[in-house]
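Down below is the structure, laid out as structure tokens.
Nothing in this text is a laboratory measurement; each read-out follows from the coordinates by a stated rule. What you are looking at is a predicted structure, and each value in this text was computed from that prediction instead of being measured. FYI the Cβ positions are ideal-geometry reconstructions off the backbone, even for glycines, and counts take in every protein chain you see.
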Amino acid sequence: MLTINGQQVEFVVGWVIEPPYVDEVNAIDFWAHYVNATCPQGTVSTSCPVYGLDQSLQVQVITGGQSQVLTFAPNLSNDVPPVFNGEYTANIEPTVAGSYSFRIFGNVNNVPVNETFTCGPTTFECVDPPSEVQFPQQIPAGHDLQVGLANLQSQVTQLQSDARTAYTVAGVGVVVGIIGIAVGAAALTRSKKRR
């Protein structure tokens, strides 16, 4: 709950699809309502939607030391005509499991807003690995495949480096061997001339 221009505004934040899983398209779900206010339609309600926040607020998604800023879009109902209930969404596909925070920032009616919401047992759900729902075979997440590929590439690079070192040592050994044979042959030739 925030007080903006003398009115109470309620923010509700979470995922559109809960629980969220790695590599599944989802969206940040953000609801904003004036509490006990006069709605734009002129009626007094316990919950009036706050309009236009897609123009004045953004969301920063934070996890594992990385972050990305996303923009909101108003989410309209399927009614005819569509109805806006104060819900905004920002599409995202989480690629790693773990704790996520959503920092909502910008302004509401020219009042600065900077609020952070973090997943947990009393807020919204953290991102789970897909293995929790995969059946009958578990498929590695895209991030896990990238990490495995990066590790494999690192090992290949190290093997290439080791092979270059071995070729260099072998080349030096061949050169030293040829020099040794040449020196030995020269010594034998001198020895024969002295006899």
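Using Cα springs under 10 Å in a Gaussian network model of the chain, which residue among Val156, Val113, Val172 shows the largest mean-square fluctuation?
Val172
For a quick check: sort Arg164, Arg103 by the number of other beta carbons within 10 angstrom, fewest at the front. Walk me through the numbers before you get to the answer.
Working: Arg164 10, Arg103 17.
Ascending Cβ contact count within 10 Å gives the list Arg164, Arg103.
With springs connecting C-alpha atoms under 10 Å apart, model the chain as a Gaussian network and identify which of Gly120, Gly180, Gly14 has the largest mean-square fluctuation.
Gly180
For the chain, take the longest principal axis of its alpha carbons; what is the angle in degrees between that and the long axis of helix 142-194, to the nearest 10 within 0 to 90?
Once rounded, the angle reads 10 degrees.
What FRET efficiency would be calculated for the residue pair Ser191, Val169, taking the C-beta separation as r and a Förster radius of 35 Å, to the nearest 0.05? Working shown, then result.
Numbers: r = 32 Å, r/R0 = 0.92.
Step by step, r from the Cβ atoms, then E = 0.65.
For region 92-99, in order, what is each residue's ³J(HN,Hα) by Karplus, 6.51 cos²θ - 1.76 cosθ + 1.60 with θ = phi - 60°, in whole Hz (x at glycine and Pro)?
Using θ = phi - 60°, the values come out as 7, 10, x, 10, 9, 7, x, 7 Hz.
When only Cα pairs under 8 Å and 6 or more residues apart are kept, what is the percent relative contact order across the chain? List each step's numbers first, then the result.
Working: 312 pairs, mean separation 35.8, N = 195.
With pairs under 8 Å counted, the relative contact order is 18 percent.
Quick one: which residues, 5+ away or cross-chain, put their amide H under 5 Å from the amide H of Ile92? H built at 1.01 Å from N.
HN-HN under 5 Å from Ile92: Asn26, Ala27, Ile28.
In what order do Asp23, Asp79 fall by count of nearby beta-carbon atoms within 10 Å, going from fewest to most?
On the way: Asp23 18, Asp79 8.
Ascending Cβ contact count within 10 Å gives the list Asp79, Asp23.
Projecting each Cα onto the charge dipole of the chain (Lys/Arg +1, Asp/Glu -1 at the beta carbon, about the Cα centre), which of Gly171, Ile104, Asn75 comes out farthest on the positive side?
Gly171
If the elastic network links every pair of Cα atoms under 10 Å, which of Gln60, Gln160, Gln134 fluctuates the most in the Gaussian network model of the chain?
Comparing Gln60, Gln160, Gln134 in the GNM, the peak value goes to Gln160.
List, in order, the whole-Hz ³J(HN,Hα) value for each residue of region 83-89 obtained from phi through the Karplus relation with A = 6.51, B = -1.76, C = 1.60 and θ = phi - 60°; use x for Gly and Pro.
Each residue's phi maps through the Karplus curve to give 10, 9, 10, x, 9, 10, 9 Hz.
Place a +1 charge on the Cβ of each Lys and Arg in the chain and a -1 charge on the Cβ of each Asp and Glu, then give the dipole magnitude about the Cα centre in debye, rounded to the nearest 20. Could the numbers behind the result be given before it?
Working: 7 positive and 15 negative charges, 570 e Å.
My answer is approximately 2740 debye.
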